[in-house]
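Input: a single structure, listed below in structure tokens.
The values are calculated or read from the model by the stated rules, or taken from the named source; none is laboratory data. Remember, predicted model here, so these are calculated numbers, not experimental data. Quick note on the areas: whole protein, heavy atoms, side chains included, nothing else; ligands and nucleic acids left out. Shrake-Rupley method; radii C 1.70, N 1.55, O 1.52, S 1.80 Å.
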Amino acid sequence: VTSEGVCIFLDVALRNMGKDPTERPFTLKITGGTSGDVAGNAIKILNRDYGENAKIVGIVDHKGCCEDPSGLDLTELMRLVNNELSLEHFDESKLSSDGKFWSRDNPEGVVMCDSMHNRLQTDAFLPAGGLPNTIRTDNWEAFLTEDGSPSAPLIVEAANIFIEQQARVKLTEKGVLIVKDSSANKCGVICSAMEIIAHLL
């Protein structure tokens, strides 16, 4: 339910930016991997609603990071999601010549994994996992490209407090549309509250 709500916010925001996700491809980067609840279910929903229009060009989890400017193979991502497998199990033969898997088993891989959400330029960013305050007042500028524009003009915060409040303000001033966590993932919270109320009756 959380992921359904997040994807609805993503859909509405993209449309308000003049990008109908059912009519044209859009690019996306995601933190929280294929074995994660929110990210995994979001991938299922993106595949269901938009098919090949949803081009996930980067995704990172606790084991590694998969990147492909042509869009990661959705069938392969779905295989990992359905089997609750982490990204280290991604079949690298499914990557394009420009694609890459970075493992957290080595120092370079750790750097590339931890910077993926900043480095890749996409239409939208979906933080669906990660440490609290990953984007902070002391590092928010890393989310900008060399010309000062944001690496993604839209952020839908599926993960709680992924962005520190003052960093949100700074990114908003740079033109980023941010759907805050307390809105983006509220569908799951509301349903959980209803389940508790129903149990108490």
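Here is how the numbers come out for the structure above:
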read-out	value
Accessible area of the range 1-130 belonging to carbon and sulfur atoms, whole % at 1.4 Å probe	45 percent
Helix-only [θ]222 nm of the chain, DSSP H runs n ≥ 4, -39500 (n - 2.57) each, per residue, nearest 500	-12000 deg cm²/dmol
Per-residue HN-Hα couplings for the range 33-38 [Karplus 6.51, -1.76, 1.60; θ = phi - 60°; Hz; x = Gly/Pro]	x, 5, 8, x, 5, 5
Distance between the range 111-164 and the range 46-74 - C-alpha centres, whole angstrom	16 Å
Choice from Asn16, Asn160, Asn133 with maximal GNM fluctuation in the chain (Cα, 10 Å cutoff)	Asn16
Which listed pairs, of Lys19/Lys94; Lys55/Lys100; Lys29/Lys55; Lys63/Lys100; Lys29/Lys170; Lys44/Lys100, have C-alpha distances above 18 Å, in listed order	Lys19/Lys94; Lys29/Lys170; Lys44/Lys100
Anisotropy class of the range 15-173 from Cα gyration tensor, a/c 1.5 cut	oblate
Per-residue HN-Hα couplings for the range 17-31 [Karplus 6.51, -1.76, 1.60; θ = phi - 60°; Hz; x = Gly/Pro]	8, x, 10, 6, x, 8, 9, 9, x, 9, 9, 8, 10, 9, 9
Pairwise Cα inverse-distance average, inverted: Kirkwood Rh of the range 117-166 (Å)	11.1 Å
For the range 91-201: rounded, prolate or oblate by the Cα gyration tensor [a/c cutoff 1.5]	oblate
Within a Gaussian network of the chain (alpha carbon springs, distance under 10 Å), most fluctuating of Leu72, Leu131, Leu85	Leu131
GNM top mover of Val111, Val60, Val179 - the chain, alpha-carbon springs below 10 Å	Val111
Accessible surface, per residue, of the chain when the full set of protein chains is kept, probe 1.4 Å, Å²	49 Å²
Residue-wise HN-Hα coupling along the range 5-11, computed from phi with Karplus coefficients 6.51, -1.76, 1.60 (Hz; x: Gly, Pro)	x, 4, 5, 5, 4, 4, 4
